[in-house]
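I have placed the structure first, in the form of structure tokens, so that the comments after it can refer back to it.
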Amino acid sequence: MRYRTLGKTGVQVSNLCFGTMSFGDAADEESSKAMFKRCREADINFFDCADVYSDGRAEEILGRCIKDCREELVITSKVCGKTGDNINDRGLSRRHIQLGVEESLKRLGTDRIDIYFLHKFDDLTDIEETLRALENLLHQGKILYSGVSNWAAWQIEKALGISARQGLSPFSCIQPMYNLVKRQAESEILPMAAEENLGVITYSPLGGGLLTGKYTTHSKPNTGRLIQRSTYEKRYGDGAYYQVAENFTNYAKERGYHPATLAVAWVMEHSAITAPIIGARNVEQLEVSLAAANLNMTKEWRAEITSLSITPAPATDRSEEVK
């Protein structure tokens, strides 16, 4: 396992991060603990979670997993999603953030969260209100760094500008979606992160399972997130994505690689990315993603794989001038 510096923080994290969204859902506690153990054997020190994963059960299970090695790990969680029936049990208000972090700390069984992400943008709450709520948590020592997930580049830059003007701590890390069929982050988000020296941990390197070799333009498995969850079906429903997946699968198999291994390695070797977030339902599924840590992908090799995909539109309409 290689380690990288997380943005400007000086914190060293493994170049694979394990995402615990399956804990308490697709993976029961026994399977979750087995995957955690395997990640530790592979020298992963970076684990991502959220308050809404499995209605809080993911944090509870992760908390029991980290009990004996907490000081060796970098742990994340998130706030914004709906956590209860009260109308205010969601969003990025000071109220919800303060209550949310307390509940996450209890479930995780820890006194601080290393990176606390705003899970998505909240149109109802003023950004400065949210930033000051995070600043309070930083001063209290309940979080060590803050970050955002699923924000547009302009939203992140606006927040960084407010932080600079008001003397508030800026975001240290971002968490966008990024994989071979969903490359929108290349247009603005990843260049912005590189310019601002932000840590970047990207989710869904396998495209919700689309890049695992199970899907073609003519066949699909009977089960899986793309089949059983409407959000994933909408996210990856474009027929062009299936064509990319089929071409990529053929490419990987012709060269003797599991498609999932190659898909994770492709994300991992982007110069702006600190670590892709890998996930699994069991140890067997986890192994093919872990194998990416031992795959040294050259720039030329990555470019060859990139050519199998669809290049996203540039950030400017003057596309003829984009190098």
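Geometric descriptor of the stretch 32-118, per residue, is 80 Å³ (volume of the convex hull of the Cα atoms). Placing dummy labels 7 Å off each Cα toward the beta-carbon, the span from N247 to L124 is 4.3 nm.
The trypsin sites (Lys or Arg not before Pro) of the stretch 243-305 that DSSP puts in a loop, and whose beta carbon has at most 14 other beta carbons within 10 Å, are R255. Looking at A280, T76, T9, which one has the Cα that reaches farthest to the positive end of the dipole of the chain (charges on Cβ: Lys, Arg +1; Asp, Glu -1)? Farthest along the dipole direction, towards plus: A280. Residue-wise HN-Hα couplings along the stretch 226-237, as the Karplus relation 6.51 cos²θ - 1.76 cosθ + 1.60 with θ = phi - 60° gives them from phi, are 5, 9, 9, 10, 4, 5, 6, 4, 5, 5, 10, x Hz; Gly and Pro carry x.
Taking other Cβ within 10 Å of each residue's Cβ, how do M21, M192 sort, fewest first?
Ranked by crowding around the Cβ, least crowded first: M21, M192.
The HN-Hα couplings worked out from phi for the stretch 159-173 by the Karplus form 6.51 cos²θ - 1.76 cosθ + 1.60 (θ = phi - 60°) are 5, 5, x, 4, 4, 5, 5, 9, x, 9, 5, x, 4, 10, 8 Hz, whole numbers, x standing for Gly and Pro.
For N296 and D111, what does the FRET efficiency come to when R0 = 35 Å and r is the distance between their Cβ atoms, rounded to the nearest 0.05? It would help to have the intermediate numbers written out before the result.
Working: r = 39 Å, r/R0 = 1.10.
Working from the Cβ atoms, E equals 0.35.
Using the empirical formula 2.2 N^0.38 Å as the baseline, the Cα radius of gyration of the stretch 233-272 reaches a ratio of 1.30.
Kirkwood hydrodynamic radius of the stretch 273-318, from the reciprocal of the average inverse Cα-Cα distance over all distinct pairs: 13.6 Å. Look at the dipole of the stretch 168-323 built from charges on Cβ: of A263, N294, Q228, the Cα furthest out on the positive end belongs to Q228. Sorted into 5 angstrom bins from 0, the C-alpha pair distances of the stretch 3-175 split as 1, 9, 18, 22, 20, 15, 9, 4, 1, 0 percent. For F46, the amide hydrogen comes within under 5 Å of the amide hydrogens of S14, F18, V74, counting only partners 5 or more places away or on other chains and with H modelled in the peptide plane.
Assuming charge only on the beta carbon of Lys and Arg (+1) and of Asp and Glu (-1), the dipole of the chain about its Cα centre is about 320 debye to the nearest 20. Helix 239-254 and the longest principal axis of the Cα set of the chain meet at an angle near 70°. With θ taken as phi - 60° and the Karplus curve 6.51 cos²θ - 1.76 cosθ + 1.60 applied, the whole-hertz 3J(HN,Hα) list for the stretch 299-304 is 4, 5, 5, 4, 5, 5 Hz, x standing for glycine and proline. A cut-off of 5 Å between modelled amide H atoms, ignoring neighbours fewer than 5 places along the same chain, links M177 with N150, Y203.
When C49, C39 are sorted by how many other C-beta atoms sit within 10 angstrom of their C-beta, beginning with the fewest, the order is C39, C49.
As a check on your grasp of the helix formula, calculate [θ] at 222 nm for the chain: sum -39500 (n - 2.57) over DSSP H runs of n ≥ 4, divide by the residue count, round to the nearest 500. Write down the numbers at each step before the final one.
Numbers: 12 runs with 126 residues, N = 323.
Result for the chain, helices only: -11500 deg cm²/dmol.
Here the dipole of the stretch 3-175 is about 360 debye; that uses its Cα centre as origin and unit charges on the Cβ of Lys and Arg (positive) and Asp and Glu (negative).
What's the center-to-center distance, using Cα atoms, between the stretch 249-323 and the stretch 1-30 in Å? A separation of 18 Å, based on Cα centres.
Any read-out appearing in this document is the output of simple, stated calculations on the displayed coordinates, not a laboratory observation. Bear in mind the structure is a predicted one, so any value in this text is a computation, not a measurement. With ideal geometry, Cβ positions are generated from the backbone for all residues, glycine too; neighbour counts draw on all protein chains shown.
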